[in-house]
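The values are calculated or read from the model by the stated rules, or taken from the named source; none is laboratory data. What you are looking at is a predicted structure, and each value in this text was computed from that prediction instead of being measured. Every residue, glycine among them, receives a Cβ derived from its backbone with ideal geometry; neighbour counts consider all protein chains shown. Protein only, heavy atoms only, side chains kept; ligands, DNA and RNA dropped before computing areas. Shrake-Rupley method; radii C 1.70, N 1.55, O 1.52, S 1.80 Å.
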Amino acid sequence: MVFKRKKKLTIFKNLKSLFFPERGWRRAIEYISHRIRRLPDTPHRIALGLSFGVLASFSPLFGFHFLLGAFLAYLFSANVFASILGTFFGNPITFPFIAAISVRTGSFILDRISIVENELNFADAWEFNSEFTSLSVFEKFLVEVYFEKIIPYSIGGIICGIIAALIVYLLSKPLISSYQKRKKSKKN
């Protein structure tokens with residue numbers, strides 16, 4: 001092949017390049033922004049695709065962000081390639097922040113809901129607690145992780161993801177529009 005490396009990278013160097021790109025984060029960000037600006041579509045569809053990619057980055061479905069972003073973009077007639085580029089919002093540097101914010105937001109909302117439910121229905125909570133004590137250690141662990149991490153992450157991720165996606169849409173649409181107008185005027 002024309003573009004293959006002469007010397008194949010080791011597994012360690014591949015992992016290192018995942019966290020620290022060979023030519024730096026600045027170059028990687030410039031490349032992504034350049035690709036976004038050159039997409040041949042309307043500013044609305046490109047910005048919508050980017051926002052769906054950012055929304056997918058807030059999902060707890062690690063490893064499926066590309067697919068989720070592309071699916072949402074396809075479903076709402078947005079630019080699929082822009083959604084894939086938008087998923088780069090979630091990267092090894094931002095994931096700890098995204099996860100922390102999402103879990104805290106989801107926990108806060110669930111705590112508010114559970115306070116109201118506990119005031120209304122104390123007897124049902126006692127029955128669930130007695131059923132919970134009869135589970136095995138592994139089942140307790142799964143229930144604990146599910147209720148304490150996955151559900152709050154999902155709820156908080158949806159809320160924070162929608163807010164972040166809205167911000168990305170509102171910021172990127174005018175930028176893409178002005179870039180395309182400037183590019184069009186240079187051609188004429």
Checklist line | Tabulated pairs, the range 130-147, first more than 25 Å from P60 (Cα to Cα) and of a type in the set (S, T, Y), second surrounded by 12 or more Cβ atoms within 10 Å (Cβ to Cβ) and at pLDDT 70 or above, C-beta under 9 angstrom, 6+ apart or interchain | finding: T133/K140
Check: Taking the stated definitions as given, is S102 over 11 Å from the mean Cα position of the chain (by Cα), surrounded by 14 or more Cβ atoms within 10 Å (Cβ to Cβ), among the polar types (S, T, N, Q) and part of a helix (DSSP H, G or I)?
Finding: no
Check: open to solvent by 90 Å² or more (accessible area, probe 1.4 Å), farther than 24 Å from A99 by Cβ, basic (K, R) and out of contact with any Cys (no Cβ under 6 Å at 6 or more places or on another chain), is that true of R45?
Finding: no
Next item on the list: Identify all residues within the range 149-182 that are farther than 16 Å from L50 by Cβ and without any contact (Cβ under 8 Å) to a residue 24 or more places away in the chain; write none if there are none.
Entry: K181, R182
Check: Considering only residues of the range 148-168 that are modelled with pLDDT of 85 or more and of a type outside the set (A, V, I, L, M), which is nearest to A56 (Cα to Cα)?
Finding: G161
Check: Among the residues of the range 139-158, is there at least one that is closer than 21 Å to R45 by Cβ, open to solvent by 90 Å² or more (accessible area, probe 1.4 Å) and either assigned to a helix (DSSP H, G or I) or not basic (K, R) (or both)?
Finding: no
Check: Which is surrounded by 12 or more Cβ atoms within 10 Å (Cβ to Cβ), closer than 25 Å to G157 by Cβ and either among the small types (G, A, S) or modelled with pLDDT of 90 or more (or both), of S51, S17, S77?
Finding: S51
Margin query: Kindly evaluate I36 against the criterion of being within 21 Å of the chain's Cα centre (by Cα), over 29 Å from T105 (Cα atoms), surrounded by 18 or more Cβ atoms within 10 Å (Cβ to Cβ) and modelled with pLDDT under 80.
Written below: yes
